[in-house]
Structure formats: structure tokens, C-alpha cells
Amino acid sequence: MTLGAIAEKDFQDAVRSRGMIALVALFSVLVSVFAYVFSPPGEQFATEFLLSVAVGPFLVTTLVPLVGVVVGYNAVSGERESGSLKLLLSLPHSRADVVFGKVVGRGGALALAVFAGFLLPAAVLLALSQLGYIQAFNVGSYLGYTVFAAVLGVVFVAIAVGFSAAAETQRQALIGGVAIYVLFVLLWGAVTGQFLGAASGLIDPLPVSQRQISVFLQVANPTTGVELLSNAFLGNQLLSGEGVNQQISAISMLVFWTIAPPLVGLWKFDTDDL
């Protein structure tokens, strides 16, 4: 299976890279510091508090997407500039194998890095619980939240690889990846707020309310979608209660962002003359 061969090679290259090791170390240290600083003494649900209030908003939804962009932006464009892409395509690999193999390989490497980055903070939390600084360390909540953090990283890797496949140079791919990061992580609330305000007159005749469109725009952002799902998980309300439809919409949008950008990038990549 040629897609699997490309995914395996990219996975191994990414895992062995010094940049990935440095990012894992940085992420691990930062989460550990937050775990220590924001530990509320005596709280019964300290693990959930740390993840949803301290670690998540300050680190996971800002740092993980950035790492995803860094890991994925040069996946195809880098090999195109170096000339190794022609050699790769001279083997029995299709262009679809190249694009989606790199999504799988680099996404898997980042997911592994996220799990590795959470190991030291887990040790810190366990030590704090043993010393009595926090009442309990909920391993299930911690591991579940780590899965959501890894999913967020994979989504941004897929978006970055899509830009990389469509771009002719690494610079173009990097600009596209950074632009989508800035939009989703830094400017989404302001941009969607301006849009809703400007389009209020156009929304009124539609069979949907402005609130429904606002909710959709919220879950359309992969960072807020993962935040919504992870908070529901930590509150034991994942796929249950009044917010189940919103959660299903968030899951659908995460699937969309994982598949659509690589497909669009592949469509452009297929038309390019290398």
C-alpha cells in the first residue's frame, strides 16, 4: 500500500526530528508549570479544573494548532522545492497517496508528540495529589482530554498539508498556514461578530435565526469545536443533554476540516506541472 509507505516514512522522519523533540519538551514543561501554578488546593475535581480552565485555553488551543501548522506546511511544498517530489512520484505512488500519506504520517507523529508532552504533567499532577496539594488526580479525564488535544493537532496538520499541496513554494504554504492559524485562534470571534452584525438584514428573511448561525460559526472553528467537546467530556455530558446537537455539529466540522483541505490541495496539486 503506497499511502501507508509514505505515511510510515513521514511519521518516522517527524518523530526523529529535533524540532519535534524540542516542541514536545517545550509543551511538556509549559503544561507542567501550569499544572503546578493553577492547582487549586483541596478541590475535588482539580484535574477537570486544570484542563478546562488553565491548560486548555492558555496552551492547548493556542500551542497545538501552531505546532500542527509547523509540522504540515512543508509536507509537499518542501519536497517540491528540493526536487525530491519528482523522485517520489516516479515510484508507484499517486499524488493522492502523497497528500493523504503525509496527513496520516505527520498527523500521527503530532498525536504521539501530544501524548508524550502530557506525560510529565501527569507525573506532576500525580505527585501533587500524593502530597495533598490536590485532592485527586482523575486519570480518565486526563487521558480523554489528551485525545481531544491530539485530534486538534491532527486537524491543523491536515489543513497545513492541504495548503502545502496547493502551494508552489514553502513560503506560500507557510503564509497560508499562518493565516488560517491567526483566523481560527486569534481573530475568529471578532471576524464572526463583524459578519453577523453586517449580515443581520440578510439573515432575518432566512428560515434560521441569527443565534443558530452564531452557534454554527462557533463550532465551525476547530479550536472552539474541540474546546466544546472536551469541556462536555470533562463535565460528563459528551453526546448527552441539551447540547448534543451542537456537539454533533462540532464533530462534523472537525471531520470536514480534516478531509476538505487535503482534498482541495490535491485538486490543485493534480493540475500542477512539476
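Asn236: out of contact with any Phe, Trp or Tyr (no Cβ under 6 Å at 6 or more places or on another chain) and in a helix (DSSP H, G or I), yes or no? Judged against the criteria, Asn236 is not a match. All of (1) touching a residue at least 40 places away in the same chain (Cβ under 8 Å); (2) surrounded by fewer than 16 Cβ atoms within 10 Å (Cβ to Cβ) hold for Ala109 with one exception: (2). It is to be established whether one or more residues within region 143-151 are over 16 Å from the mean Cα position of the chain (by Cα) and outside any loop (DSSP other than H, G, I, E, B). Within region 143-151, one or more residues are over 16 Å from the mean Cα position of the chain (by Cα) and outside any loop (DSSP other than H, G, I, E, B). Do the conditions hold for Val99, that is, is it closer than 27 Å to Phe233 by Cα and either at pLDDT 85 or above or part of a loop (DSSP other than H, G, I, E, B) (or both)? Considered against the rule, which asks whether it is closer than 27 Å to Phe233 by Cα and either at pLDDT 85 or above or part of a loop (DSSP other than H, G, I, E, B) (or both), Val99 comes out as no.
The values are calculated or read from the model by the stated rules, or taken from the named source; none is laboratory data. Computed from a prediction, not measured in an experiment: that's the story for all the values here. In this analysis, Cβ positions are derived from the backbone assuming ideal geometry, glycine residues included, and neighbour counts consider all displayed protein chains.
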